[in-house]
Amino acid sequence: MSKIISPSLLSADFGNLKAACEMINASEAEWLHLDVMDGSFVPNISFGFPVIEAVKKHCIKPLDVHLMIVHPEKYIQRFAKAGAAILTFHYETVENPLEVIEKIKSEGIKVGITINPDMPVSVLEEYVDKVDLVLLMTVFAGYGGQKFIEESYTRIDELKEIIKRKNAHCLIEVDGGINLQNALKLFDRGVNVLVAGNAVFKTSNPIETIHSMLNT
């Protein structure tokens, strides 16, 4: 089973993003997670194309871009051009998810679909066999540093059952409240990718923290 750590750039020092990228390059993290927020779908604003383009210049790992924005379909080509290797959009933000999935695929990059904790996992059934990953938010999208929602374990089990029933091969990614205390449990539960922000970037030795998350 794939075990991937995708540290969230949102928790890095924005005064020295080059150093953050160099840390990721030197670590066992396979991806770098970038949260794009628009102040509309979520009550916060993060960063856009210029930051992604700058990060791409310094980070050799695939950029795992999570769009927390309305009308993501309008910007797919630009995010792909900016350097996204994986582009994940919220089910809640589009009228026709299948069209968005196909549009992302047409750019030659991987596609993910995600939902907030108040959205039934069952809405994903139509899409799990058409995407490369499903991201289950384990906090509500919009802010870093939130506490992991314990009911997420049940939602992970439900998603695994849907994937099995559909004979799909998408990865399961979770985002929100991930730390050294729950990383192993989540991997054991069948999660493939952990997004960790503060738990990585706010520690004294992020490279060692990433190693511990993968090997605890």
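The values are calculated or read from the model by the stated rules, or taken from the named source; none is laboratory data. In this text the structure is predicted, and so the values were computed from the model without any measurement. Don't worry about glycine lacking a Cβ; one is built from the backbone with ideal geometry, like all the others, and counts go over all protein chains shown.
Restricting the first member to the range 191-204 and to residues that are of a type in the set (Lys, Arg), and the second to residues that are in a helix (DSSP H, G or I), the beta-carbon pairs closer than 9 Å and six or more apart or on different chains are Lys202/Ser11.
Can you tell me which residue in the range 50-73 is farthest from Val36 (Cα to Cα), limited to those that are out of contact with any helix residue (DSSP H, G or I) (no Cβ under 8 Å at 6 or more places or on another chain) and not in a strand (DSSP E or B)? Filtering the range 50-73 for residues that are out of contact with any helix residue (DSSP H, G or I) (no Cβ under 8 Å at 6 or more places or on another chain) and not in a strand (DSSP E or B), the one farthest from Val36 (Cα to Cα) comes out as Lys57. Does Ile76 satisfy being buried (at least 18 other Cβ atoms within 10 Å of the Cβ) and under 26 Å from Lys164 (Cβ atoms)? In short, no. Out of all the residues in the range 66-85, is one or more touching a Pro at 6+ places or on another chain (Cβ under 6 Å), closer than 18 Å to Gly112 by Cα and of a type in the set (A, V, I, L, M)? Checked against the condition, which is being touching a Pro at 6+ places or on another chain (Cβ under 6 Å), closer than 18 Å to Gly112 by Cα and of a type in the set (A, V, I, L, M), the range 66-85 yields at least one hit.
Of all the listed residues (Tyr127, Tyr143), the sole one being of a type in the set (Phe, Trp, Tyr) and at pLDDT 95 or above is Tyr127.
Yes or no, residue by residue, for (1) at pLDDT 95 or above; (2) touching a Lys or Arg at 6+ places or on another chain (Cβ under 7 Å); (3) within 14 Å of Val195 (Cα to Cα):
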residue: Glu28; (1), (2), (3): yes, no, yes
residue: Leu32; (1), (2), (3): yes, yes, yes
residue: Gly39; (1), (2), (3): no, no, no
residue: Ile45; (1), (2), (3): no, no, no
residue: Ala54; (1), (2), (3): yes, no, no
residue: Ile60; (1), (2), (3): yes, no, no
residue: Leu63; (1), (2), (3): yes, yes, yes
residue: His66; (1), (2), (3): yes, no, yes
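With respect to Phe47, determine if the residue is out of contact with any Phe, Trp or Tyr (no Cβ under 7 Å at 6 or more places or on another chain), assigned to a loop (DSSP other than H, G, I, E, B), hydrophobic (A, V, I, L, M, F, W, C) and buried (at least 16 other Cβ atoms within 10 Å of the Cβ). Taking the combined requirement at face value, the residue satisfies it. Restricting attention to the range 176-190, the residues that are touching a residue at least 24 places away in the same chain (Cβ under 8 Å) and part of a loop (DSSP other than H, G, I, E, B) add up to 7.
Take the residues in the range 1-27 that are more than 17 Å from the chain's Cα centre (by Cα) and not in a helix (DSSP H, G or I); name whichever of them is farthest from Gly83 (Cα to Cα). Here the residue is Met1. When Val191 is tested against (1) under 26 Å from Tyr75 (Cβ atoms); (2) crowded, with 19+ Cβ neighbours inside 10 Å; (3) aliphatic (A, V, I, L, M), just one condition goes unmet, and that condition is (1). If you check Glu73, Glu107, Glu102, Glu92 for being touching a residue at least 40 places away in the same chain (Cβ under 8 Å) and in contact with a strand residue (DSSP E or B) (Cβ under 9 Å, 6 or more places away or on another chain), only one passes: Glu92. Residues of the range 145-163 that are farther than 23 Å from Val200 by Cα, among the β-branched types (Val, Ile, Thr) and surrounded by 15 or more Cβ atoms within 10 Å (Cβ to Cβ): Ile162, Ile163. Tell me whether the range 112-123 contains one or more residues that are surrounded by 17 or more Cβ atoms within 10 Å (Cβ to Cβ), out of contact with any Phe, Trp or Tyr (no Cβ under 8 Å at 6 or more places or on another chain) and in contact (Cβ under 8 Å) with a residue 40 or more places away in the chain. Yes, the range 112-123 contains at least one residue that is surrounded by 17 or more Cβ atoms within 10 Å (Cβ to Cβ), out of contact with any Phe, Trp or Tyr (no Cβ under 8 Å at 6 or more places or on another chain) and in contact (Cβ under 8 Å) with a residue 40 or more places away in the chain.
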